[in-house]
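The values are calculated or read from the model by the stated rules, or taken from the named source; none is laboratory data. Worth saying up front: this structure is predicted, and the values here are computed from it rather than measured. Reconstructed Cβ throughout: ideal geometry from the backbone, glycine too, with neighbour counts over all protein chains shown.
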Amino acid sequence: MARLSLDDIQRLSILERVQLAEQIWDSIVETPDALPIPETQIHELDRRLKLHDEDPEATQPWSTIRSRLTESE
């Protein structure tokens, strides 16, 4: 595999760098088990799921939250 130096990467156009980043990301998500989830994140996800299970009506759809956030800009 050819290695790209930082100089090589910086010579790429922005579009080429974005495409490279996408290719790298795609190669990572093909093997999700290769990236273990830290125990702290597992606990946090469990905590949030428990809160949701206890009160599902307390949540709001992402579209509502995004709208509220962009209104304040």
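Six or more apart or on different chains, Cβ atoms under 7 Å: show the pairs whose first residue is in the stretch 19-37 and at pLDDT 85 or above and whose second is surrounded by 10 or more Cβ atoms within 10 Å (Cβ to Cβ).
Leu20/Leu12
Given the criteria over 18 Å from the mean Cα position of the chain (by Cα) and not charged (D, E, K, R), does Leu51 qualify?
Working: over 18 Å from the mean Cα position of the chain (by Cα): yes; not charged (D, E, K, R): yes.
Yes; evaluated as a whole, the condition is true for this residue.
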